[in-house]
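First the structure, in the form of structure tokens, and then the observations on it.
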Amino acid sequence: MRTMLAVRMAVLAAALSACTVAPDATESTSVSQAYLSAAVDPTDRVPVPFTPFTLPSNRCGFPIDVAPVSNNEFQDVTTLDDGTTITRITGRLVLSFTNTTTGSTIIRNVSGPTTEIDHPDGTGTFMGEGNNWFGFGPHSRQNTGEPGLVFTSGLVVLQLAGGAVTSFSLAGEQVNGCELLAGP
């Protein structure tokens, strides 16, 4: 557990490198931990609404309806002086995914938690723990080699730029959602 925390904080420290200057990773990690602890006030938690939508057929070859089964997620949003935004989402989120062509439906717990760091230049870093899901469009699939719908379990880190995912790394397991919904 401490190793995973150290990995998460090292990634976060790298993402916040503009905000922290340290001679070694240990100091950088502790500076980042203290900085984020001070930056996120748990009294500012805001519910995260989830409106049903349809993933287009360019994700898996068929449209997929995505709808909440249970949503009790909250977000803490902090904006830094340089315009960087840090969004931390916690709580429980269970979604249904339905292949609109066949009617095949799967239900997944995708509660995370997650942290996203968005920079003013349009780049960002997404970090998820636990169970998450991703719908990758054509550019993101080309950049990462991932399928159009992915369910993950473990630590996942995505780099974002220009409205697309530029890299995807996972210390855990993943399931191809397109294959699950395509059926036999």
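Brief remarks on what is shown
- Hits in region 110-122 (condition: in a loop (DSSP other than H, G, I, E, B) and under 27 Å from PHE62 (Cβ atoms)): VAL110, SER111
- Test set (1) assigned to a loop (DSSP other than H, G, I, E, B); (2) under 20 Å from ARG59 (Cα atoms) - SER140 fails condition number: (1)
- Within the option set THR90, THR78, THR54, being touching a Phe, Trp or Tyr at 6+ places or on another chain (Cβ under 7 Å) and either free of Cβ contacts under 8 Å to residues at least 12 places away in the same chain or not in a loop (DSSP other than H, G, I, E, B) (or both) holds for one residue only, THR90.
- In region 46-66, the residues that are crowded, with 16+ Cβ neighbours inside 10 Å and either of a type in the set (A, V, I, L, M, F, W, C) or within 15 Å of the chain's Cα centre (by Cα) (or both): LEU55, CYS60, PHE62, ILE64, VAL66
- Residues (closer than 23 Å to PRO63 by Cβ, of a type in the set (A, V, I, L, M, F, W, C) and either in a strand (DSSP E or B) or outside the structural domain of GLN142 (by TED's automatic domain parsing) (or both)) located in region 169-179: VAL175
- Any chance THR125 is in a strand (DSSP E or B) and either under 24 Å from PHE97 (Cα atoms) or under 10 Å from the mean Cα position of the chain (by Cα) (or both): yes
- Failed item in (1) within 19 Å of the chain's Cα centre (by Cα); (2) modelled with pLDDT under 95; (3) not hydrophobic (A, V, I, L, M, F, W, C), with THR114 passing the rest: (2)
- When VAL156 is tested against (1) surrounded by fewer than 18 Cβ atoms within 10 Å (Cβ to Cβ); (2) touching a residue at least 24 places away in the same chain (Cβ under 8 Å), exactly one condition is not met: (1).
- GLY154 part of a strand (DSSP E or B) and under 12 Å from the mean Cα position of the chain (by Cα): yes
- Some residue of region 100-108 being modelled with pLDDT of 95 or more and closer than 15 Å to GLN174 by Cβ: yes
The values are calculated or read from the model by the stated rules, or taken from the named source; none is laboratory data. Quick caveat: nothing in here was measured; it's all calculated off a predicted structure. With ideal geometry, Cβ positions are generated from the backbone for all residues, glycine too; neighbour counts draw on all protein chains shown.
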